[in-house]
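Note sheet for the following structure.
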Amino acid sequence: MTDTPAKIQIRNLHMSFGSKVVLNGLDLKVGVGESVVVIGGSGVGKSVMLKCVLGLLEPEQGSICIDGEEVVGMSPKDRDRVMRKFGMLFQGAALFDSLPVWQNVAFGLVQAMGMELQKAKEIALNKLAQVGLGPEVGELWPAELSGGMKKRVALARAIATDPEVIFFDEPTTGLDPIMGDIINDLVVKCVRELGATTLSITHDMASARKIADRIAMLHGGRIIWAGSVADIDHSNDAYVDQFIHGKAEGPIKMEVRA
Amino acid sequence: MPVLAPIGRVFLAFLEATGRFGLFTGTALSHCLRPPFFPRAILHQMVEIGYYSLPVVGLTAIFTGMVLALQSYTGFARFNAESQIAAVVVLSVTRELAPVLAGLMVAGRIGAAMSAEIGTMRVTEQIDALSTLSTNPFKYLIAPRLIAGITMLPLLVFVADIIGIFGGYLISVYKLDFNPASYLKLTFEHLENIDVVSGLVKAAVFGFIVALMGCYHGYHSKGGAQGVGQATTNAVVSASILIFASNYVLTALFFGT
């Protein structure tokens with residue numbers, strides 16, 4: 001665990017869907033300015049954990065504190081205030097099909113911060129430039145973009161409001177290795193420039209090694225190992241070893257059904 | 001008892017669905033009344049529902065009015081009561097056919113589109129993205145559609161009333177050789193305010209139903225393309241059934257003795 005003050009502190013988080021227990025007493029701390037990556041197989045509950053922190057799912061039990069403030073059971077108004085600290089890059093980019101690219105990037109500025117459209121457009125074009133996209137891309141529609149460009153636009157949208165905390169949900173999924181590496185570099189660059197705290201989930205080890213200060217492994221509904229990037233290759237944990245080396249044989253048995 | 005377990009499961013699922021629908025409706029309505037509003041989104045939906053549905057509703061209305069005049073003539077000619085054709089056309093169109101048929105056409109055109117659009121936004125995490133951008137999906141997606149549905153369908157039905165009556169006039173004058181002035185006179189003699197008002201009230205209720213069903217099924221869709229397709233079907237079918245059921249209730253309220 002880190003010694004920095006906690007930006008996000010998750011304690012004893014429980015969540016299940018019907019009879020399927022997804023999170024079973026999860027504990028995780030993310031320090032201020034720290035970049036933590038949670039790794040784990042498909043369906044172990046990484047996205048559920050993220051959605052609980054974002055308030056998109058209400059956990060059955062447990063505590064989530066942001067800057068020391070409990071957010072589980074928070075009123076919608078207070079939740080809205082906390083959400084303004086967040087930026088999020090979704091796995092499938094989740095760009096709004098009905099809006100051109102620049103309006104996607106400017107959405108949080110206009111809707112959440114009440115900024116004028118022209119000013120918001122200027123900032124949106126700046127953010128697009130930060131992720132390597134020219135102003136002409138701003139006039140395109142999401143359907144006209146490639147997978148890599150969508151991820152860049154989604155990254156620009158995530159950092160548009162200069163958030164204190166950014167969440168990355170599988171930032172490199174569905175991209176070729178080169179584009180994946182470009183996105184990883186952009187993530188590192190943008191986060192460094194903002195000085196933001198980040199919590200990412202991925203099963204791409206190359207991505208995890210590049211963007212993380214610390215890696216935590218989620219299995220069986222709880223964090224079974226956490227440590228620095230340098231330590232992960234010497235974890236002496238059979239689960240972690242099997243996962244990072246991508247071996248079919250080992251203690252982790254992949255579930256066929258979700 | 002093995003027989004009781006499935007019945008209990010179905011009953012519990014029914015209660016859960018009813019509760020979820022009730023909560024959804026209450027939340028949606030409360031966001032229609034509480035600021036902030038999204039005028040641009042509301043205007044967009046109004047144009048989508050009102051303006052772009054006009055050709056479909058207009059064509060439905062004119063052919064319905066024409067058929068009504070022809071069929072009424074077939075029946076009334078046997079009793080030398082052809083003068084009643086104008087009354088049948090104007091009352092049928094304003095009280096029942098314009099609101100119900102416009103409601104059904106809009107359910108097919110707009111309800112399906114709403115469900116597919118919101119359903120796709122749900123399965124591609126766009127609705128979650130709205131929340132993370134501090135925008136309430138009910139305010140941004142649902143309320144504008146409900147407001148547009150409630151306000152635009154009465155306008156559509158008012159136009160459909162005029163076009164439907166005109167359809168009956170066309171057939172009566174140019175095919176059945178009625179005198180144009182006396183046909184119009186008979187039409188206005190039989191038409192009362194309540195006929196038009198009841199049709200417009202029905203239209204507002206149908207507009208609410210179509211938008212609510214489209215939004216509800218889209219919002220709760222899951223499972224990718226198949227789930228969105230299923231949500232779209234459910235939206236159109238449930239809206240159509242509710243239109244017929246609420247039409248009976250409203251007719252009984254307005255004209256029941």
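Read the figures in this text as sums done on the coordinates, not as results from a lab. As the structure is a computational prediction, the values presented were derived from the model and not from experiment. FYI the Cβ positions are ideal-geometry reconstructions off the backbone, even for glycines, and counts take in every protein chain you see.
Across peptide B:113-121, what mean number of C-beta atoms from other chains lies inside 10 Å of a residue's C-beta?
Partner Cβ neighbours, averaged per residue: 1.
Hey, with R₀ at 60 Å, roughly what FRET efficiency would A:ASP213 and B:LYS175 work out to, going by the Cβ-Cβ distance, to 0.05?
Numbers: r = 83 Å, r/R0 = 1.38.
That pair, A:ASP213 with B:LYS175, gives E of 0.10.
Starting from the stretch A:136-224, pick out the trypsin sites (Lys or Arg not before Pro) whose DSSP state is loop and whose Cβ has at most 11 other Cβ atoms within 10 Å.
Loop-located and lightly packed - none at all.
Would you please give the residues with an amide H less than 5 Å from that of A:GLN61, counting only those at least 5 places away or on a separate chain, with H modeled from the backbone geometry?
Amide H to amide H, under 5 Å and 5 or more residues apart or across chains, A:GLN61 pairs with A:HIS14.
With r as the distance between the Cβ atoms of B:VAL67 and A:SER146 and R0 = 35 Å, compute the FRET efficiency 1/(1 + (r/R0)^6) and round to 0.05.
The calculated FRET efficiency here is 0.10.
Would you mind getting me the FRET efficiency between A:THR4 and A:LYS247? Use the beta-carbon distance for r and R0 = 25 Å, nearest 0.05.
Efficiency for this residue pair is about 0.15.
Quick one: which of B:25-33, B:119-127 comes out on top by average Cβ neighbours within 10 Å, and what's the full order, highest first? Don't jump to the answer; show the numbers that get you there.
Details: B:25-33: 15.3, B:119-127: 21.9.
Per-residue mean Cβ counts within 10 Å order the peptides as B:119-127, B:25-33.
Let me know the mean shielding of B:133-139 by other chains, meaning the per-residue number of their Cβ atoms within 10 Å of its Cβ.
Values: counts 17, 14, 7, 3, 0, 0, 1.
Partner-chain Cβ atoms within 10 Å, mean over residues of B:133-139: 6.
About the Cα centre, and with charges only on the beta carbon of Lys, Arg (+1) and Asp, Glu (-1), how big is the dipole of the stretch B:38-247? Nearest 20 debye, please. Can you show the working numbers first?
Details: 11 positive and 11 negative charges, 61 e Å.
So the dipole magnitude of the stretch B:38-247 works out to roughly 300 debye.
Relative contact order for chain B using alpha-carbon pairs under 8 Å, separation at least 6, rounded to a whole percent? Kindly include the intermediate steps, with their values, before the conclusion.
On the way: 345 pairs, mean separation 79.3, N = 257.
Rounded, it is 31 percent for chain B.
For B:LYS185, which lysines qualify as cross-link partners when the Cα separation must be under 27 Å and same-chain residues fewer than eight apart are set aside?
By straight Cα distance, B:LYS185 reaches B:LYS175, B:LYS202.
Quick check: Cα centre of the stretch A:134-212 to Cα centre of the stretch B:179-257, how many Å?
Comparing the Cα centres of the stretch A:134-212 and the stretch B:179-257, I get a distance of 46 Å.
At A:ASN12 and B:THR18, where each label point lies 7 Å from the Cα along Cα→Cβ, what is the point-to-point distance in nanometres?
3.7
Give a residue-ordered list of calculated ³J(HN,Hα) values for the stretch B:147-163 (Karplus: 6.51 cos²θ - 1.76 cosθ + 1.60, θ = phi - 60°; whole Hz; x for Gly, Pro).
4, 5, x, 5, 8, 7, 5, x, 5, 4, 5, 4, 5, 4, 4, 4, 5
Just counting partner chain Cβ atoms within 10 Å, what average do the residues of peptide B:196-203 show around their Cβ?
Across B:196-203, the average partner-chain Cβ count within 10 Å equals 0.
Taking the simple approach of a point 7 Å from Cα along Cα-to-Cβ for both B:THR251 and B:ILE194, what is their distance in nm?
1.6
Would you work out which of B:VAL88, B:ASN179, B:THR124 lies farthest towards the positive end of the dipole of the stretch B:38-247? Charges go on Cβ: Lys and Arg +1, Asp and Glu -1.
B:THR124
Place a +1 charge on the Cβ of each Lys and Arg in the protein assembly as shown and a -1 charge on the Cβ of each Asp and Glu, then give the dipole magnitude about the Cα centre in debye, rounded to the nearest 20.
Roughly 620 debye for the protein assembly as shown.
Semi-axes of the equivalent ellipsoid of the protein assembly as shown: what are they in whole Å, largest first, if each equals the square root of 5 times a C-alpha gyration tensor eigenvalue? Don't skip to the end; give the middle numbers.
Values: eigenvalues 639, 129, 71 Å².
In descending order the semi-axes read 57, 25, 19 Å.
³J(HN,Hα) across the stretch A:45-61 via Karplus (A = 6.51, B = -1.76, C = 1.60, θ = phi - 60°), whole Hz, x for Gly/Pro?
Karplus-based 3J(HN,Hα) across the stretch A:45-61 equals x, 5, 5, 5, 4, 4, 5, 5, 5, 6, x, 7, 10, 9, x, 6, 7 Hz.
Say each of B:ARG78 and B:VAL47 gets a label point 7 Å from the Cα, pointing the same way as Cα to Cβ; how far apart are those two points in nm?
The answer from the label model is 5.2 nm.
Hey, if you drop one equal point scatterer on each alpha-carbon of chain A and run the Debye formula without solvent, what base-10 log of I(q)/I(0) do you get at q = 0.07, 0.17 Å⁻¹?
-0.24, -1.36
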